[in-house]
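Enquirer: The structure's right below; bear with me while I get my questions together.
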Amino acid sequence: MHKTIKTIILSLILPVLLMVIWQFSAWQVNNAAIIPTIGRVVENFINASDNFIGLGSIPRNVGVSLIRVLSGYTAGVLIAVPLGVLMGYSKTVQIIFETFINIFKPIPPLAWQPLALAIFGVSSIASLLNMPFGQNYVFWGNFKIAMVFLIGMGSFFPIVASVMFGVQNVRQTLIDSARVLGASEKDIFFKVLMPAAAPSIINGLRMGLAIGWACLVGAEMLPGSLAGVGYLITHAYELARTDLVITGMICIGLVGALLDSIFRIIANKYFSWESKTR
Amino acid sequence: MQEMIRVDNLEKIFYSQSYMEIKALTEVNLSVPGNEFLCILGPSGCGKSTLLRIIAGLETASSGKVFYNGQEHTKPRREIGMVFQSYSLMPWLTVLDNIALGLEFAGLSRPKRISIAEEYLDMIGMNSFGKAFPYELSGGMQQRVAIARALANNPEVLLMDEPFGALDAYTRIVMQKELLRIWEQHKKTILFVTHSVDEAVYLGDRIILMSGSPGRIKKDIAITMPRVRERRNPLYGKLTEELLALLEEA
Ligand SMILES: Nc1ncnc2c1ncn2[C@@H]1O[C@H](COP(=O)(O)OP(=O)(O)O)[C@@H](O)[C@H]1O
Ligand SMILES: [Mg+2]
């Protein structure tokens, strides 16, 4: 009990300090377009269900962003995890893909923006699924393929790298032990390599989601978007609503931290053996 | 007793990263009768692990052959179990699931394999640790579990590669006693690798002394001293000293 209180106090020192500096500078500058007061931002959160600058409520924008990131992320995961496993498992597959991947890896996801736009245009999940025009179409029209692609690109590389590392670094003694116990190749794969690599795979999924989420603002700068926290920030900036920019930033930070903590809970619950094994 | 393992003119060459030849084993001939407790003794790097891994089917011979029960043998099989020096338990499985692992590979249903695993858990005197994870166990306990896991598969032959090498002196002696008890009860053929003269003299029916570069068998010594062997017995001391002298030449 005593310890948790101490943890909470210690972890609050820096945020409180930041807020003090923020509030103090806001008073000094006295220009809400440059630095609004904390009160203005808090007000936005209190009235979160209002319609902000014609883009709808805060929860709606966060929701739209979440669906965008999760669809891009899912696409990234579906390709990266099997590929990483195969690259870790087979030297040949690794050689085939590694150079190729290494060339693309240093390109920041946002550098793909123009190309993504050229290739995918303004096609969306709605047009991809051939939805009839209506309320559903308008909603799913928010999820442009180009954005999903950018976010997927962001998630892809850390996942591939971490999954491959996990599969490659399974201790040889574990594989040998399974073989002498009569394991088939399939047993080795599913009952040794996969569980042994699981902590690295989860870690890759965690980093992938963090980076995918961080690509949000850039992805939502693409045309054809009328909602989403990233778009809200861009648009609020154009209207000199710095308070709303900060509100959006805080939303991104909070949701990102929340997603991350989900992974941390999973890792602690199911993979605690990993950190405790020498 | 019938011949269980035979090794014919075995040679193993490794290639280093600079394609240099490393002759790990040469002209190794060996015949192991059923139920024998054979100790393979030699300085480190003389090819003991390599020999054991080839017999297990984990490594292929460069030339020469291994026979199990009269049949040529190259791949791991359930009849030949192996215990490694350390950290060979699946860290994500409980002790009981680790012991049952070979039975899982054999396709036994969960209730069946758990009930067999419980017998072996009992054999190693660790009843209350079934639900523990390997990281919660001491090194000696982990090796006990590794032995139980190998035996639960009911192999004819047990290969042991310095299984007590990472244990402290006291635990090691306790484990040696326990292994002899298990061996006498279950009647297995054991090939036990060690670089400890004392351990070989305490355990073996026979000791194969190996020398290095290239690894070969230098001497084959039968130990007729009755068990349980007393370390203070003068014969025990004499044997140990003879072997130490031979090992120095090796
Ligand atoms: N996978 C390998 N690649 C190259 N050299 C190896 C490999 N395994 C063993 N060796 C070499 O073979 C020799 C015998 O090794 P090993 O069988 O481990 O000896 P021991 O178990 O008696 O200590 C050593 O010189 C070692 O460096
Ligand atoms: Mg060795």
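The values are calculated or read from the model by the stated rules, or taken from the named source; none is laboratory data. Note that the structure is a prediction, hence the values are computed from the model and not measured. Every residue, glycine as well, gets a Cβ built from its backbone with ideal geometry; the counts of neighbours run over all protein chains shown.
Enquirer: Check A:Val122, A:Val85 and return the single one that is under 18 Å from A:Gly141 (Cα atoms) and hydrophobic (A, V, I, L, M, F, W, C).
Expert: Of the residues listed, the single one that is under 18 Å from A:Gly141 (Cα atoms) and hydrophobic (A, V, I, L, M, F, W, C) is A:Val122.
Enquirer: Within the range B:155-175, track down each residue that is crowded, with 16+ Cβ neighbours inside 10 Å and more than 16 Å from ligand 1 (Cβ to nearest atom).
Expert: Those that are crowded, with 16+ Cβ neighbours inside 10 Å and more than 16 Å from ligand 1 (Cβ to nearest atom): B:Pro155, B:Glu156, B:Val157, B:Leu158, B:Leu167, B:Thr171, B:Arg172, B:Ile173, B:Met175.
Enquirer: Evaluate the range B:42-52: report whether one residue or more is within 14 Å of chain A (Cβ to nearest Cβ) and surrounded by fewer than 18 Cβ atoms within 10 Å (Cβ to Cβ).
Expert: The answer is no; no qualifying residue exists.
Enquirer: For the range B:71-90, how many residues are in a strand (DSSP E or B) and either touching a strand residue (DSSP E or B) at 6+ places or on another chain (Cβ under 6 Å) or within 16 Å of ligand 2 (Cβ to nearest atom) (or both)?
Expert: So the answer is 5.
Enquirer: Quickly run through the range A:216-244 and pick out the residues that are within 19 Å of A:Pro114 (Cα to Cα), hydroxyl-bearing (Ser, Thr, Tyr) and either in contact (Cβ under 8 Å) with a residue 24 or more places away in the chain or touching a Lys or Arg at 6+ places or on another chain (Cβ under 7 Å) (or both).
Expert: A:Ser225, A:Tyr231 - these are the residues of the range A:216-244 that are within 19 Å of A:Pro114 (Cα to Cα), hydroxyl-bearing (Ser, Thr, Tyr) and either in contact (Cβ under 8 Å) with a residue 24 or more places away in the chain or touching a Lys or Arg at 6+ places or on another chain (Cβ under 7 Å) (or both).
Enquirer: Looking at B:Gln2 and the list (1) loosely packed, with under 14 Cβ neighbours inside 10 Å; (2) within 16 Å of ligand 2 (Cβ to nearest atom); (3) farther than 20 Å from B:Pro214 by Cβ, which single condition is not satisfied?
Expert: Here B:Gln2 meets the rest and fails (2).
Enquirer: For the range B:97-119, does any single residue satisfy the condition of being closer than 22 Å to B:Phe192 by Cα and of a type in the set (Ser, Thr, Tyr)?
Expert: The answer is no, given that none of the residues of the range B:97-119 is closer than 22 Å to B:Phe192 by Cα and of a type in the set (Ser, Thr, Tyr).
Enquirer: Of the residues that sit in the range B:73-95 and are more than 7 Å from chain A (Cβ to nearest Cβ) and among the hydroxyl-bearing types (Ser, Thr, Tyr), which one is nearest to B:Leu51 (Cα to Cα)?
Expert: Among those that are more than 7 Å from chain A (Cβ to nearest Cβ) and among the hydroxyl-bearing types (Ser, Thr, Tyr), it is B:Thr74.
Enquirer: For the range A:1-33, give me each residue that is farther than 16 Å from A:Thr247 by Cβ and assigned to a loop (DSSP other than H, G, I, E, B).
Expert: Result: A:Met1, A:Asn30, A:Asn31.
Enquirer: Just the residues that are more than 9 Å from chain A (Cβ to nearest Cβ) and in contact with a strand residue (DSSP E or B) (Cβ under 8 Å, 6 or more places away or on another chain), please, taken from the range B:53-64.
Expert: Selection gives B:Ile54, B:Ile55, B:Glu59, B:Ala61, B:Ser62, B:Ser63, B:Gly64.
Enquirer: Let me ask something else. Suppose we filter the range B:1-56 for residues that are assigned to a loop (DSSP other than H, G, I, E, B) and farther than 19 Å from B:Trp183 by Cα; how many remain?
Expert: Within the range B:1-56, residues that are assigned to a loop (DSSP other than H, G, I, E, B) and farther than 19 Å from B:Trp183 by Cα number 11.
Enquirer: Scan A:Gln28, A:Gln23 and give me the residue that is farther than 18 Å from A:Leu254 by Cα, without any contact (Cβ under 8 Å) to a residue 40 or more places away in the chain and surrounded by 14 or more Cβ atoms within 10 Å (Cβ to Cβ).
Expert: After applying the criteria, what remains is A:Gln23.
Enquirer: Filter the range B:177-219 for residues that are buried (at least 17 other Cβ atoms within 10 Å of the Cβ), away from ligand 1 (no atom under 16 Å from the Cβ) and of a type in the set (S, T, N, Q) and give the result.
Expert: B:Thr189
Enquirer: Could you pull out every one of the helices (runs of 4 or more DSSP H) wholly within the range A:219-278 that has 3 or more residues that are of a type in the set (A, V, I, L, M, F, W, C)?
Expert: Where helices (runs of 4 or more DSSP H) fall fully within the range A:219-278 and carry at least 3 residues being of a type in the set (A, V, I, L, M, F, W, C), they are A:229-238, A:242-270.
Enquirer: OK, next. Select, from B:Ala132, B:Ala166, the only residue that is within 12 Å of chain A (Cβ to nearest Cβ), modelled with pLDDT under 95 and not in a helix (DSSP H, G or I).
Expert: B:Ala166
Enquirer: So, one more: Of the residues B:Val32, B:Val28, which single one is within 14 Å of ligand 1 (Cβ to nearest atom), touching a Leu at 6+ places or on another chain (Cβ under 7 Å) and either touching a residue at least 60 places away in the same chain (Cβ under 8 Å) or of a type in the set (A, V, I, L, M, F, W, C) (or both)?
Expert: Being within 14 Å of ligand 1 (Cβ to nearest atom), touching a Leu at 6+ places or on another chain (Cβ under 7 Å) and either touching a residue at least 60 places away in the same chain (Cβ under 8 Å) or of a type in the set (A, V, I, L, M, F, W, C) (or both) holds for just one of B:Val32, B:Val28, which is B:Val28.
Enquirer: Does the range A:196-212 contain any residue that is polar (S, T, N, Q) and within 14 Å of chain B (Cβ to nearest Cβ)?
Expert: Yes, because at least one residue in the range A:196-212 is polar (S, T, N, Q) and within 14 Å of chain B (Cβ to nearest Cβ).
Enquirer: Which residue, of B:Phe67, B:Phe14, is aromatic (Phe, Trp, Tyr), more than 9 Å from ligand 1 (Cβ to nearest atom) and in contact with a strand residue (DSSP E or B) (Cβ under 8 Å, 6 or more places away or on another chain)?
Expert: One residue alone meets the criteria, B:Phe67.
Enquirer: On the given criteria, is A:Gly121 of a type outside the set (Ser, Thr, Tyr), away from every other protein chain (no Cβ under 14 Å) and touching a residue at least 12 places away in the same chain (Cβ under 8 Å)?
Expert: Yes.
Enquirer: Cβ-Cβ under 7 Å, sequence separation 6+ or interchain: first residue in the range B:41-60 and more than 8 Å from ligand 1 (Cβ to nearest atom), partner outside any helix (DSSP H, G or I) and of a type in the set (Ser, Thr, Tyr). Which pairs?
Expert: Taking only residues 6 or more apart or on different chains, the pairs are B:Leu41/B:Thr194; B:Gly57/B:Thr74; B:Thr60/B:Thr74.
Enquirer: Taking B:Ile114, is it surrounded by fewer than 21 Cβ atoms within 10 Å (Cβ to Cβ), more than 16 Å from ligand 2 (Cβ to nearest atom) and under 15 Å from the mean Cα position of the chain (by Cα)?
Expert: It is false that B:Ile114 is surrounded by fewer than 21 Cβ atoms within 10 Å (Cβ to Cβ), more than 16 Å from ligand 2 (Cβ to nearest atom) and under 15 Å from the mean Cα position of the chain (by Cα).
Enquirer: Then there is this: Would you please name the residue that is surrounded by the most Cβ atoms within 10 Å (Cβ to Cβ), looking only at residues in the range B:57-70 that are part of a loop (DSSP other than H, G, I, E, B) and away from ligand 2 (no atom under 13 Å from the Cβ)?
Expert: So, considering only residues that are part of a loop (DSSP other than H, G, I, E, B) and away from ligand 2 (no atom under 13 Å from the Cβ), the one surrounded by the most Cβ atoms within 10 Å (Cβ to Cβ) is B:Ala61.
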